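Visitor: Can you read through this structure? Questions will come right after.
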Amino acid sequence: VQLQASGGGSVQPGGSLRLSCAVSGSIFRFADMRWYRQAPGKQREFVAHSTSGGFTSYADAVKGRSTISRENAKNTVYLEMNSLKPEDTGVYYCNGHTFNDHEFWGQGTQVTVSS
């Protein structure tokens with residue numbers, strides 16, 4: 001199983017991006033999917049969480065500006081981010097846990113927010 005993150009880029013403050021995490025194989029193997037990010041010089045931090053049952057949660061820093069969603073037919077999880085701020089800059093990683101408790105990480109996609 002592989003997780004392939006994409007969709008990062010450079011945007012101005014206030015802009016939007018939609019990140020994608022494509023799962024090789026079936027997304028139905030995964031009990032939950034998460035997005036994390038790592039800013040330069042900082043530790044990786046939680047961003048958003050989605051379970052197979054539809055539960056979602058968000059870090060306070062992105063709550064109200066971000067939406068995590070799944071498209072099962074495409075074996076893909078998305079993270080849509082709006083009203084982006086410079087502090088949202090970092091490498092974004094997708095992460096998944098299967099129902100038999102195996103953990104997988106994607107390779108990361110760079111998001112840069114600057115004017």
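Visitor: For the chain, report the accessible area per residue in Å² (1.4 Å probe, heavy atoms, rounded to an integer). Please list the in-between numbers first.
Guide: Working: 5940 Å² over 115 residues.
Heavy-atom SASA per residue in the chain reads 52 Å².
Visitor: Take the stretch 1-55, drop everything but the C-alpha atoms, weight them equally and run the Debye formula without solvent; then report log10 I(q)/I(0) at 0.14, 0.24 Å⁻¹ to two decimals.
Guide: -0.50, -1.15
Visitor: Counting only protein heavy atoms, what percent of the accessible surface of the chain is carbon or sulfur at a 1.4 Å probe?
Guide: Details: 2770 of 5940 Å².
The C+S portion of the solvent-accessible surface of the chain is 47 percent.
Visitor: Using the Cβ atoms and a cut-off under 15 Å, what net charge is assigned to the surroundings of P86, where Lys and Arg are +1 and Asp and Glu are -1? Could the numbers behind the result be given before it?
Guide: Details: positive: R37, K42, R65, K85; negative: E87, D88.
Counting the neighbours of P86, the net charge comes to +2.
Visitor: Further question: Top to bottom by accessible area (1.4 Å), largest first, where do D101, D32 land?
Guide: Numbers: D101 115, D32 25 Å².
Largest accessible area first, the list is D101, D32.
Visitor: How high is the relative contact order of the chain, given as a whole-number percent (alpha carbon pairs under 8 Å, six or more residues apart)? Can you show the working numbers first?
Guide: On the way: 287 pairs, mean separation 42.7, N = 115.
Once normalised by length, the contact order is 37 percent.
Visitor: In square angstrom, rounded to the nearest 10, how much accessible surface does K63 have for a 1.4 Å probe?
Guide: So the heavy atoms of K63 present about 120 Å² to solvent.
Visitor: May I ask you to list the chymotrypsin sites (Phe, Trp or Tyr not before Pro) in the stretch 10-115 that are in a DSSP loop and have at most 15 other Cβ atoms within 10 Å of their Cβ?
Guide: Working: sites: F28, F30, W35, Y36, F46, F55, Y58, Y78, Y92, Y93, F99, F104, W105; in loops: F55, F99.
For chymotrypsin sites (Phe, Trp or Tyr not before Pro) across the stretch 10-115 that sit outside H, G, I, E and B with at most 15 neighbouring Cβ atoms in 10 Å, the list reads F55, F99.
Visitor: Here is a further query. With Cβ to Cβ distances under 12 Å as the rule, what net charge do the other residues near R65 carry (K, R +1; D, E -1)?
Guide: Details: positive: K63, K85; negative: D60, E80, E87, D88.
My count for the surroundings of R65 gives -2.
The values are calculated or read from the model by the stated rules, or taken from the named source; none is laboratory data. All of these numbers come straight from a predicted model, not from anything done at the bench. Please note: Cβ atoms are built from the backbone with ideal geometry, for glycine as well, and neighbour counts cover all protein chains shown. To get the accessible areas, we keep the full protein, side chains included, count just its heavy atoms, and leave off ligands, DNA and RNA. Shrake-Rupley method; radii C 1.70, N 1.55, O 1.52, S 1.80 Å.
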